[in-house]
Amino acid sequence: MIRQRWARALGITCLAALSWIYCQPRHPSAGNAPALDALAHCALFAVVGFWYARTISARFVLFVPLIALAVGLEWLQWIRGDYIGIEWIDAVWNVIGLLLGWVSRGCFARIRRARRGARR
């Protein structure tokens, strides 16, 4: 139980830091490399999705607020940053990354169970 509380606290702290950095006017960016930008968005949110699926719960209900955050950060970035509009393709890549992280957690769990079964 204590381990789960620490994992939840670390996850919330990392999401708060991510949200703060994400909404800064001069946040780290891939610049004019759309493929690299998409990969960065997808990878970042895949790590978030995997972390929450692994440490908290793999239930999809948990991912509804994370999906809202992934899309909401793009909206906040537009409001706080110097952007012309919301970058919807980035929001889509954020959600794809979350889903990949969520699905990969299930794949790793199946591999682990298969290895345990093979040892017996």
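The values are calculated or read from the model by the stated rules, or taken from the named source; none is laboratory data. Since the model is a prediction, treat every value here as computed from it, not as a measurement. Neighbour counts run over all protein chains shown; Cβ positions are idealised from the backbone, glycine included.
Which residue is farthest from L15 (Cα to Cα), if the candidates are limited to the stretch 49-74 and must be out of contact with any helix residue (DSSP H, G or I) (no Cβ under 8 Å at 6 or more places or on another chain) and assigned to a helix (DSSP H, G or I)? Before you say what the answer is, go through the steps one by one.
First pass over the stretch 49-74, keeping only residues out of contact with any helix residue (DSSP H, G or I) (no Cβ under 8 Å at 6 or more places or on another chain): 57, 59, 61, 64-65, 68, 72.
Pick out the ones that are also assigned to a helix (DSSP H, G or I) and you get 61, 64-65, 68, 72.
Details: V61: 18, V64: 15, P65: 12, A68: 13, G72: 13 Å.
Result: V61.
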Which of the numbered conditions does G85 fail, given that it passes all the others? Conditions: (1) under 22 Å from W6 (Cα atoms); (2) at pLDDT 75 or above; (3) in a loop (DSSP other than H, G, I, E, B); (4) of a type in the set (G, A, S). (1)
When every residue in the stretch 45-73 that is in contact with a Phe, Trp or Tyr (Cβ under 7 Å, 6 or more places away or on another chain) and buried (at least 19 other Cβ atoms within 10 Å of the Cβ) is compared, the one farthest from S19 (Cα to Cα) is A53
Would you pick out the residues in the stretch 77-105 that are within 16 Å of the chain's Cα centre (by Cα) and aliphatic (A, V, I, L, M)? I89, A91, V92, V95, I96, L98, L99, L100, V103
Scanning the stretch 80-101 residue by residue, the ones that are in contact (Cβ under 8 Å) with a residue 40 or more places away in the chain and not small (G, A, S) total 11
